[in-house]
Amino acid sequence: MPKAKLQAITVGGSAAEVEVAFYDALQKGDVAQLMACWADEDDIVCVHPGGARLIGAGAIRAAFEALLSHGAVPVHLEHVQCVEALASSVHSVIERIEIDTPAGRHEAWVIATNVYHKTAQGWRMVAHHASPGTPHKPLPLTDGPAVLH
């Protein structure tokens, strides 16, 4: 299968701006805009909540097309914690998703990690990994112990 070229997103010069465009695309149900946020690399990776690891633009696009075939995803960034280096940026985000059910509107909370690299085309997403959702808002971030064990 030939590698499809991605249409680059035309946003400013930061990983944060690409992240805003990514979540905006989810809220609008715009697969083209969403995929334009991703790097044009064979080894980009995405894990949806409770899902398998998807590798490559084709697999990622197919998963988002299936997800968005039911309509836009009302997801809101509630908190972003960034670790930045020269050509990479790792964002730990708390997402709030609104879900309408016959019993009314409910919220689900997802913790996701988004990884961005600075490419020749600018900042692009190279990984998105989302945890299974929970009906409870995650506890606030705290400073953990300096030692892992």
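FYI, it's all coordinate maths here, none of it is from the lab. Given the structure is predicted, the values throughout are model-derived calculations rather than measurements. Note: ideal-geometry Cβ built from the backbone for every residue, glycine included; neighbour counts use all protein chains shown.
Using alpha-carbon pairs under 8 Å, 6+ residues apart, how would you state the relative contact order of the chain in percent? Each step should come with its number before you reach the end.
Numbers: 274 pairs, mean separation 33.5, N = 149.
So the answer I get is 22 percent.
Give me the number: length gained by fully extending His106 to Leu86, i.e. 0.36 nm times residue separation minus the C-alpha to C-alpha distance, one decimal in nm. Write down the numbers at each step before the final one.
Working: separation 20, 0.36 × 20 = 7.20 nm, distance 3.96 nm.
Result: 3.2 nm gained on full extension.
Give the peptides 94-106, 43-55 in descending order of average Cβ contacts within 10 Å, highest first. Please report the intermediate quantities before stating the final value.
Values: 94-106: 11.7, 43-55: 15.3.
With the highest mean Cβ count within 10 Å placed first, the list reads 43-55, 94-106.
Taking K and R as +1 and D and E as -1, what net charge do the other residues with C-beta under 12 Å from the C-beta of Val31 add up to?
Values: positive: Lys28, Arg61; negative: Asp30, Glu65.
Surrounding charge for Val31 is 0.
What is the dipole size for segment 15-130, taken about its Cα centre, with +1 at each Lys and Arg Cβ and -1 at each Asp and Glu Cβ, in debye to the nearest 20?
Once rounded to the nearest 20, the dipole reads 100 debye.
How far apart, in nm, are two points set 7 Å out from the Cα along the Cα-to-Cβ line at Glu65 and at His129?
For the pair Glu65/His129, the computed spacing is 2.7 nm.
Please sort 107-119, 67-79 by packing, taking for each peptide the average over its residues of neighbouring beta carbons within 10 angstrom, highest first.
Working: 107-119: 18.1, 67-79: 13.8.
Averaged packing, sorted descending, gives the order 107-119, 67-79.
The list (1) 34, 21, 13; (2) 24, 22, 14; (3) 28, 20, 13 gives values of semi-axes √(5λ) of the Cα gyration tensor in Å, and only one came from this structure; which label was calculated from it?
Structure-derived value, by its label: (2).
Amide H to amide H under 5 Å from Thr119: which residues, 5+ apart in sequence or cross-chain, H placed 1.01 Å off N in plane?
Arg124
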